[in-house]
1. List pairs: first residue in the stretch 157-179 and assigned by TED's automatic domain parsing to the domain that holds residue 222 and without any contact (Cβ under 8 Å) to a residue 60 or more places away in the chain, second residue among the charged types (D, E, K, R) and crowded, with 17+ Cβ neighbours inside 10 Å anywhere in the structure, Cβ distance under 8 angstrom, at least six positions apart or on different chains.
2. Applying the selection to the stretch 106-126, what residues are under 16 Å from residue 66 (Cβ atoms) and hydrophobic (A, V, I, L, M, F, W, C)?
3. For the stretch 88-100, which positions are in a helix (DSSP H, G or I) and surrounded by fewer than 18 Cβ atoms within 10 Å (Cβ to Cβ)?
4. Can you work out which of the residues in the stretch 306-319 that are assigned to a loop (DSSP other than H, G, I, E, B) and modelled with pLDDT of 85 or more is nearest to the chain's Cα centre (by Cα)?
5. Among the residues of the stretch 320-352, write down those that are among the hydroxyl-bearing types (Ser, Thr, Tyr), assigned to a loop (DSSP other than H, G, I, E, B) and surrounded by 15 or more Cβ atoms within 10 Å (Cβ to Cβ).
6. Restricting attention to the stretch 116-133, does a residue exist that is touching a residue at least 60 places away in the same chain (Cβ under 8 Å), among the charged types (D, E, K, R) and not in a helix (DSSP H, G or I)?
7. Within the stretch 51-58, is even one residue in contact (Cβ under 8 Å) with a residue 40 or more places away in the chain, in a helix (DSSP H, G or I) and within 22 Å of residue 289 (Cβ to Cβ)?
8. Condition first: surrounded by 16 or more Cβ atoms within 10 Å (Cβ to Cβ), within 20 Å of residue 357 (Cα to Cα) and touching a Gly at 6+ places or on another chain (Cβ under 6 Å). Can you find one or more residues in the stretch 462-476 that meet it?
Amino acid sequence: MLLLLSFLGAVLLILFSIFLGEVTSSLASGESGRFTQSIIIFIGIIVIGVPLLSAKSFIQGKLSLYWRRWLTFNVLDRYLKDQDYYQMTFYPELDNPDQRIAEDIKTFTQQSLNFLVIMFDSILQLLGFIGVLWAISQVLTSFLLIYAIGGTLVTVVVFGRILVGINFEQLKREANFRFSLVRVRENAEAIAFYQGQDQELQQIQQRFLAVFNNFNHLIRWQLNLNLFQNGYQYITFLLPGLLLAPRILSGDLEIGEFSKAATAFRSILIALTLIVTQFEQLSALGSGIQRIDSLFWFFKKSPDTSVNENSTIKTLESSDLSIEKLTLNTPDYQKTLIKNLSLSLQSVQSLLIMGDSGVGKSSLLRALGGLWRSGKGTIKRPQRQQLLFLPQRPYMPMGSLRTQLLYPNIDSQVKDEKLLNLLQRVNLPDLHHKFGGLDAVEDWTKVLSLGEQQRLAFARLFVIEPDYAILDEATSALDSNNEEQLYQQLQNTSITFISVGHRSSLLKYHQQVLKLEKKGTWEFFGSRDPLS
């Protein structure tokens, strides 16, 4: 439909130029009948053309919108599949995926479709008007072709690579500036406690100055491009008159032929110099395409293309959890955290992982969860759905109190009575009253203390009842009484759990202890054995 409307628009534009020339010639010759007939046809073309052009813009807008929806959903599906959103954090060149998905896809779907329509219109106008112009002047047509090719070559060679690079850098710096503002909003309380507003101001100003300086550079190159474009285009207003003047003055051509030639000349020139006239938009579009293409490169690549297969941790499915000869590296393979670790954890047993900060306790949990595969050895564990991780700072999704309790299985049908009982068990009996019920919606990260969030995470654990629970300092913000209450309840379930912690009070809840040492060494023993 869009192509058909473009074709009809091109036909109407050709008729428009022809009868505009007829109006001019009839006025010059004083033929009133010819003038009246030309005006009537001219008005008819306008009456038909206006709805067609409006319908074309409407359909183009709808098509770009639906294309954006399809592409956004496609990218989101890949981004949030197989934890790619986490793996992407190890690729600093893939900066600001939020902007790539929200802004770059929007620009791509709108501008690329717009450019394709313009290109199709240009081809149709070129085919239609070149016959009109050739019939009037072959010399003018030949000159136009040479002029258009020359202008396109100058634009691509002189301005091409530079403007695409500057626009690419501008998108990156704009995203970094916006991200720095988001960080202040998300960490407002911590910044206020530290009185760190001056430091934040300096960092935000530095990022804005990076935006400012690059955009200033872009404006200077845009000025050079605009000087060339404007000079290149305005000269064309004079060229048809200069080349046709001798024939018009000699009476060989009617004055109306000049109007037709000028319209045809301008239409053909626009068609042939599409890159010249649209280059600024094309350079911005090219930058956006590069950023989206890098996302698809990441989605398509093998997770371990950057490392040798022998240097990748193997994960196998098993009913129990065990580790065999595991050497764990940082994702960039610059540091070895754990060397040659082997252990086995049977069902309904428990393991406490201890050690100084930075020895790799949380990194080991990441390997168990499949987030880190840098290293070698084998991890045998149940299906990932049977493992539930409780980080030190629980994730509080957007939604109701019920959502917090059921996450990530928010569609689960759990009776209110059971959920309220769980709030009692984790010592949050009045939480639903305080906020207006289980369906109350709040910004839970802000309205709940870290200790309340950790207790709510335990309630989430008791709702899901996975085979294995992995707790990364999940009670660090709790007092000893609450910690003891929660671990005692955990012991009374059939859940096998692994904890990371520093408190010696956790020893009594675990049957086995893994103590990680510096330089990748480790010790494995029962909880009653000495830790020093």
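The values are calculated or read from the model by the stated rules, or taken from the named source; none is laboratory data. Remember, it's a predicted structure, so these values are computed and weren't measured experimentally. Backbone-built Cβ (ideal geometry, glycine too); neighbour counts: all protein chains shown.
1. Listed pairs, sorted by first residue: 173/207; 177/207.
2. Passing the criteria: 108, 113, 116, 117.
3. Hits for the stretch 88-100 are 88, 89, 90, 98.
4. Ranking the qualifying residues of the stretch 306-319, first place goes to 313.
5. 330
6. Among the residues of the stretch 116-133, not one is touching a residue at least 60 places away in the same chain (Cβ under 8 Å), among the charged types (D, E, K, R) and not in a helix (DSSP H, G or I), which makes the answer no.
7. Checked against the condition, which is being in contact (Cβ under 8 Å) with a residue 40 or more places away in the chain, in a helix (DSSP H, G or I) and within 22 Å of residue 289 (Cβ to Cβ), the stretch 51-58 yields no hits at all.
8. Yes - at least one qualifying residue is present in the stretch 462-476.
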